[in-house]
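The structure under discussion appears below in the form of structure tokens.
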Amino acid sequence: MTAPGLDDLLASGGAERLLRAIAEVAFVNLSRLPSPAVMERLAGIVGEGLGARAVVVRRYDPHRQVLEAVASWGIPLADLPYPALPVQREERLYSVNTVAVVYTADLQDDPIAHTVRERLGIETTLAVPLRTADTYLGTLRLHFRERRTFTPEETALVQAVGDRLALALHHLEALEREQGARRQAEALLAIARAGLANAPLEEILQGLASAIRQALRADSTVIRLWDEESQGLVLGASDPHEFPGWGRPSVILPMESFSGRVFTENRTLILADIHSDPTAHPRFPPQFRSTMGTPLPGEERPVGVIHVEWKEPHTPTPQEQVILEMAASLAAQAVRKTQALEREQGARRQAEALLAIARAGLANAPLQDILQGLSRAIYAALGADRVVIRLWNEEEQSLDLAAFTPALLSHLLRPRHRSGEKTFSLRVFQERRTIALPDIESDPVAQATFHPSLVSTLGTPIPDVEKPLGVIHADWTTRHVPTPAEQALLEMAAGLAGQAILRARALEREESARRWAEALADVLERATRPGPLPQVLQGILEGMAHYWDAPGGIIRLVDRDANCLNAVACIGYRLEDLAPQPVDGSGGGFSHRIFTTGATGVFGYSELVQAGSFIPRFGYRQMLGAVLRVRGEAVGVIHLDWKEERIFTPQDIERFTLMVGLASQAVERAWLYEETSRQAQALQESNRALRFQAVILGQVQDAICATDRDGKVRYWGPGAEALLGVPAPSAQGKPLYALLGYTAEEWAECVRRVEQGEIPATRSVRYAHPQGKALWLDLAISPWYGEGGGLDGFIVVGRDVTRVRQMEVQMLQLEKMRALGQMAAGVAHDFNNFLAVIMGQAELALMDRTLSPRLQQALEAIRRASVDGAQVVRRLATLARLRAEGQPEPVDAQKVCRDALESTRFAWEERSARQGIAIHLDLDLQEVPPLACTESELREVLINLILNAIDAMPQGGTLGLACFQDGGQVCIAVKDTGIGISPQVRQHLFEPFFTTKGPRGTGLGLAVSYSIVKRYGGDITVESAVGKGSTFTVRLPIAPSPREKETPKGESIPAGRSLRLLVVEDDPAVADLLEDMLHTLGHHPQVFRDPTQALEAIGSGEWDAVLTDLAMPGVSGWEVAQHSKKVRPMVPVLLLTGYGDHIDPQQARAHGVDGILGKPVSARDMAIALQALVEGGGVRVFRQKLG
């Protein structure tokens, strides 16, 4: 049958249908409809337009190399006989580049074509390749029942539909890529959530298995973990569970399966066809066709394997492989984390078990409770089904049951394993080692010992030095191989049990010793009570009976006159029922036997009855008796009686004998009581006298002691203890000279002087007190004669004269300073005159600006040297001052401390840089009240101390500066960590011109500082140890009230009006200098070298001021001032002197002086002094600022 032509098509209305189809194809909106719907719509259009039987759209899958049906018309997709066709067949039968017409009858060798022809009746197939520019996307198949050809219009329609279908496939692929990426991201997120979940490992693995299956669209996911014990892979999780074989936790060994291959090769493996692999095929359920497996990565080897399966043939993509490997990493991480957690929990459980065992073993409880607690702790720690503790019984030579857990197994335990029997416990005890039996049946001895329900056991001895104290064993009802940790834990428990046993036995011995000591003390106290002898012996008998738990007892004393033993004390009897017993035994009884034989022993019932003793009639069956002796002679009998026999150890007999001895002593004391009573009164009188003497000696503050002839102490009085710091027991028997710190030769010299009649012989010693302080003692040594008149020893009296010595040293120092200062003041006056000329002339010369620079430098050097010389002279003169310069003013100690540090900073910073050492600063400047002194002088003191501290640290160290209040004084401490000061050097520290610095030192720094501090009512103390540094502490009184300070003025020479000045100076050089200086300052001076002429000129001229030297021949400056005030009372007088710092302002006022200016004097100081004089005011002391 041929296909209708175009004319037939037009005649039948087919052309209209064809044109409508082309129009519909053109108007299909590919962007608004989903791609599958578009392809079905287009397939329907072309099918209806061409009258096809069926239309199928197939998409090319390059990964699988198939053409997969994605849309159809005329037949449902599900009814297609071949949903997917191999692409090789397409290339062979159809063109992938152009439209092709294929007739089924021509495909004789293609079974697929014949199947399609038989089922659907297809004769003609029109194949249109679907392509974009250079990409093959699939094919459009139009199937016709008749054999036909196609017109160009039909071909155009088919091609138009093909183009639109290609575009639809392109949209479909883009949509699927987008959806695939989203699904992959969701799958990765689900896998990550599952792998990182905070949950048990089983839940994490199960979640991962489910997430992997969903992500890879697989039909099964299995996770297997490596099991170290079985050395195989065990099931960890699977999804789903309905496939047979996946749910069993069977062990898979390496190289026996696909999982084993993945684990062993440690890489991802893919089987697109499971049935093609003989190793994998038997292990998989038959419905699975493809699989992919990857190892769970570990440090040394994998920790497991994950594999997924598909029922349909499937070739996993690289993306799917990446997803599976990522899931494997998360699973491995979860496994490692769980294993670490399990190890941590295991360690914690082991630590808790050890702690529980330690607590049980170290509990403060009875031994039975401790052992029972240990058994429970071991039971819990080892997870055992039974724990048994047996202790060795030395008397019975057996291992006796002491503790066990649980209690319900008590009927399975024998109470005692005797020595010689063959038991597991005795074997552990005898071999003294830990024995583990995983299989009790393998050991005949153990099998005969244990109940058949027990399978494994672990036993260890309880250790001691000579032999074990017992045995502990733990038992299991299932096979258990004890680990080294379990063995160590059991051995530790055994060690604790041993300690508990030894501790309990020691406590028993201690309790026995304590009870014995209390009983002995009780009997001793009863034996020493005053009173009649029968009363004392009754108390002793009661005390002995209480300790020995004896219901009966008797004490009999011998009556020499009647030759019998009379009962004087009893327990359990009535005294009137106890008749005397003859010593010779004629009257029967047992006491005479003990008395005559002198034996101490235990006597049983048969012996008592045989000897005719009466005590069995009172129900007593045993006696422990002994004889009472005084000075070796038998004086009586004592015995204790029991109604039941008991065992006595040698220690018991020894203790009984000791108590009998106390009773014997009581008898002896009673006999001596009368004599003691006579002597008691005399002793009381003697004691009273001794106590009176002790009271008197106790009130004496001097050290009183007595020695023998060799000087060893026999008496050490309370005063000696208090003064010398040595307790009497420590001094007793020791040589006195050694205690006081001098030699045996010096002591011998004192003894010789006493023997020659020098009584007392005196000596001064420097004593080193145990507390570290030094004392000066004056010793008076007198002889001590015994009853026969011979020399027995010496009485030594020591008096503390430390304060007296210190005051003497201080007075000597002050006198030395005073004398030296006065001498220095005289020297200072002459030096100041010399320096005044040098400095003044240099200053005047420097005012000439026409001088050459070289000459100006020379003059400046001369001026500077004179200034430095004046500073030295001033420091010398300071030594002579015993009062402060002017009135003390309130001074801020903190500020002065900081100023002193800044002034000396260059010294220690320069040394640190130059010598490469480190000097650290430690400041502790507390808020303190103002102190009373002069700020400049206090600064000078601190600068001296700080520089000395820096010099004392040649290797570096720490410089400390502290300021604090101590009562009514302010203390400033300068501390260094340097070389320290020896005691010899410390004695001369504050002496002028004493220095340890060699040529660098003047020896005036500390002497001047000491003088300044003393003038203000303060003190300087020093604490030092060689190699440990020194601390100098300055103490000054607190200022009574603050006072405002004067504002410092500038350094320039003040300008003032021209004055008429009368100047009196006997030294020609100084006189010329003053005249030149005053002319330079713009004044009109008239200088007189003869004081007598000056007196006449004062009254004859008009003067604005009088300037006079103090020390002049014939007429002194005081006389000039007094005469001037008498003649010219309104003219101020300025005293020029080298003693400026030593003149009292009150004394100057009394002589008519208005101002004092010390030499050497500078032009500036002269200008300031003259200006102040003409302005008026009280007596002013002007000091030039040197430097």
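The values are calculated or read from the model by the stated rules, or taken from the named source; none is laboratory data. Keep in mind the model is a prediction, meaning the values are calculated, not measured. Using ideal geometry, Cβ is built from the backbone for each residue, glycine included, and neighbour counts are taken over all protein chains shown.
Close Cβ contacts (under 7 Å, 6 or more residues apart or on different chains) running from residues in the range 223-234 that are assigned by TED's automatic domain parsing to the domain that holds E325 and surrounded by 21 or more Cβ atoms within 10 Å (Cβ to Cβ) to residues that are part of a strand (DSSP E or B) and of a type in the set (F, W, Y) comprise L233/W226. Residues that are among the polar types (S, T, N, Q) and over 16 Å from A113 (Cα atoms) within the range 124-138 comprise T132, T135, listed in sequence order.
Within the range 584-591, none of the residues are at pLDDT 85 or above and farther than 11 Å from G636 by Cα.
Of the listed requirements (1) more than 27 Å from E1023 (Cα to Cα); (2) surrounded by 14 or more Cβ atoms within 10 Å (Cβ to Cβ); (3) not aromatic (F, W, Y), D800 misses just one: (1). When P313, P295 are screened for being out of contact with any helix residue (DSSP H, G or I) (no Cβ under 9 Å at 6 or more places or on another chain) and not in a helix (DSSP H, G or I), only P313 passes.
Screening T596 against (1) surrounded by fewer than 17 Cβ atoms within 10 Å (Cβ to Cβ); (2) closer than 24 Å to R526 by Cα; (3) β-branched (V, I, T) leaves a single unmet condition, (2). What about T1080, is it of a type in the set (S, T, N, Q), in the same structural domain as L1173 (by TED's automatic domain parsing), in contact (Cβ under 8 Å) with a residue 24 or more places away in the chain and crowded, with 17+ Cβ neighbours inside 10 Å? For T1080, the condition - of a type in the set (S, T, N, Q), in the same structural domain as L1173 (by TED's automatic domain parsing), in contact (Cβ under 8 Å) with a residue 24 or more places away in the chain and crowded, with 17+ Cβ neighbours inside 10 Å - is not met. For the range 85-104, the count of residues that are modelled with pLDDT of 80 or more, assigned by TED's automatic domain parsing to the domain that holds D163 and among the acidic types (D, E) is zero. Here V481, V471, V523 are screened, and the one residue that is outside any helix (DSSP H, G or I) and either surrounded by 16 or more Cβ atoms within 10 Å (Cβ to Cβ) or at pLDDT below 85 (or both) is V471. Given the structure, is S257 within 15 Å of E309 (Cβ to Cβ) and at pLDDT 85 or above? Judged against the criteria, S257 is not a match. Using the structure shown, decide if L169 is touching a Gly at 6+ places or on another chain (Cβ under 6 Å), of a type in the set (A, V, I, L, M, F, W, C), closer than 24 Å to L50 by Cα and part of a helix (DSSP H, G or I). When the stated conditions are applied, L169 passes them. Checking the stated criteria, T657 turns out to be closer than 14 Å to G598 by Cβ, of a type in the set (S, T, Y) and within 60 Å of the chain's Cα centre (by Cα). Condition (residue is in a strand (DSSP E or B) and crowded, with 16+ Cβ neighbours inside 10 Å) applied to the range 445-452: is it met by at least one residue? Checked the range 445-452: no residue is in a strand (DSSP E or B) and crowded, with 16+ Cβ neighbours inside 10 Å. If you go through the range 727-756 and keep only what is of a type in the set (G, A, S) and at pLDDT 80 or above, you end up with A728, S730, A731, G733, A738, A744, A748. Looking at E352, E396, E421, just one residue is without any contact (Cβ under 8 Å) to a residue 40 or more places away in the chain, among the acidic types (D, E), surrounded by 12 or more Cβ atoms within 10 Å (Cβ to Cβ) and under 27 Å from I440 (Cβ atoms), and that residue is E421.
From the list A1148, A1167, the one residue that fits, being modelled with pLDDT of 80 or more, part of a helix (DSSP H, G or I) and farther than 21 Å from L835 by Cα, is A1148. I need the full set of residues from the range 189-221 which are hydrophobic (A, V, I, L, M, F, W, C) and surrounded by 20 or more Cβ atoms within 10 Å (Cβ to Cβ), in order please. Correct list: I191, A194, I204, L205, L208, A209, A211, I212, A215, L216, A218. Within the range 548-565, the set of residues being surrounded by fewer than 17 Cβ atoms within 10 Å (Cβ to Cβ) and either more than 23 Å from R515 (Cα to Cα) or more than 60 Å from the chain's Cα centre (by Cα) (or both) comprises P551, D559, R560, D561, A562, N563. Among the residues making up the range 606-626, those that are in contact (Cβ under 8 Å) with a residue 40 or more places away in the chain and either assigned to a loop (DSSP other than H, G, I, E, B) or surrounded by fewer than 16 Cβ atoms within 10 Å (Cβ to Cβ) (or both) are F618, Y620.
Okay, residues lined up against (1) surrounded by 16 or more Cβ atoms within 10 Å (Cβ to Cβ); (2) in contact with a Cys (Cβ under 8 Å, 6 or more places away or on another chain); (3) in the same structural domain as E654 (by TED's automatic domain parsing):
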site	(1), (2), (3)
A485	no, no, no
L490	yes, no, no
L496	yes, no, no
H546	no, no, yes
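Is it the case, given these coordinates, that T124 is out of contact with any helix residue (DSSP H, G or I) (no Cβ under 8 Å at 6 or more places or on another chain) and β-branched (V, I, T)? Criteria not met by T124.
Filtering the range 82-111 to residues that are surrounded by 14 or more Cβ atoms within 10 Å (Cβ to Cβ), in a helix (DSSP H, G or I) and in contact (Cβ under 8 Å) with a residue 40 or more places away in the chain leaves only E90.
Any chance the range 916-937 includes a residue that's modelled with pLDDT of 80 or more, part of a helix (DSSP H, G or I) and closer than 24 Å to P1040 by Cα? Yes.
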